[in-house]
Amino acid sequence: MPRRSVRRQTSINSAGKLAAAIGRHPREFVGLIMAAVAIFAVISNALFLQKGPHPAPIFATQPLLKRDAALPSRLQAVQSTPATETSDQAKLIINIQRELSRKGFYDGPVDGIWGAKTDAAARDFIHVAGLKTSPEASDGLLRTITMSNVEPVNTAGTSNTVPDPIAKVIAPSKRVTAVQRALADFGYGQIKPTGVFDPDTRGAIEKFERDHRLPVTGQISDRFVRVLAAMTGRPLE
């Protein structure tokens, strides 16, 4: 028999055996085919489809975890610094409030908060002392208040130590009465037109100055009177 015929007969026999095996175990054959396809897809993805070197991402995760583990300690250090600064600033404001209260410029709570009352008291002290500095909480302001002997302006508009240039504006009771009426009419507090410059009048003036972006002094200055008169449309003299 020729060799070609032998080979052809062998191939036919092998194909027949394979077909018989598939016929006897069709599920196993399908599972084998699917496993082969899956293995081929994984190999193709690893060799041709990934952008970076494989398996570099696996080894990169460990140093990233170490770097992230150091974050909490640094965050704690950052968070602890503002707390210390806030505490020191509050202590400084408390000392300033105490000194201003001892000098008679401040009658509010000693709470370490630089509020409107503390700001007004600091401005009053700076004005009466004739200083050229900003009313901000600082060690220099605290030392100046502690070493100073000035006293606040009394209700008559005069000081026992330093003459007050605003006293001439506050002294006339008619002008104070007109200001009190105008402020009350335009919703700046329930002020009684007594002609006496009291804390309620001062608070209403400060609120008016803030609303109209004026320097907050709490005093009946010429500039305040001009702005208030222009808003009300009536003279305040």
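The values are calculated or read from the model by the stated rules, or taken from the named source; none is laboratory data. Just so it is clear, the structure is predicted and the values come from calculations on it, not from any experiment. Counting neighbours? That spans all protein chains shown, and the Cβs are built from the backbone with ideal geometry, glycine included.
Tabulated results
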{"read-out": "Residues satisfying the stated conditions in the stretch 224-237, i.e. crowded, with 18+ Cβ neighbours inside 10 Å and either part of a helix (DSSP H, G or I) or free of Cβ contacts under 8 Å to residues at least 60 places away in the same chain (or both)", "value": "Phe224, Val225, Leu228"}
{"read-out": "Entirely in the stretch 88-198, the helices (runs of 4 or more DSSP H) that have 1 or more residues that are modelled with pLDDT of 85 or more and crowded, with 17+ Cβ neighbours inside 10 Å", "value": "116-129, 139-147, 173-185"}
{"read-out": "Count - residues of the stretch 205-223 that are in contact (Cβ under 8 Å) with a residue 24 or more places away in the chain and either of a type in the set (A, V, I, L, M, F, W, C) or assigned to a loop (DSSP other than H, G, I, E, B) (or both)", "value": "8"}
{"read-out": "Among residues of the stretch 194-221, those that are within 17 Å of Asp107 (Cβ to Cβ) and basic (Lys, Arg), counted", "value": "1"}
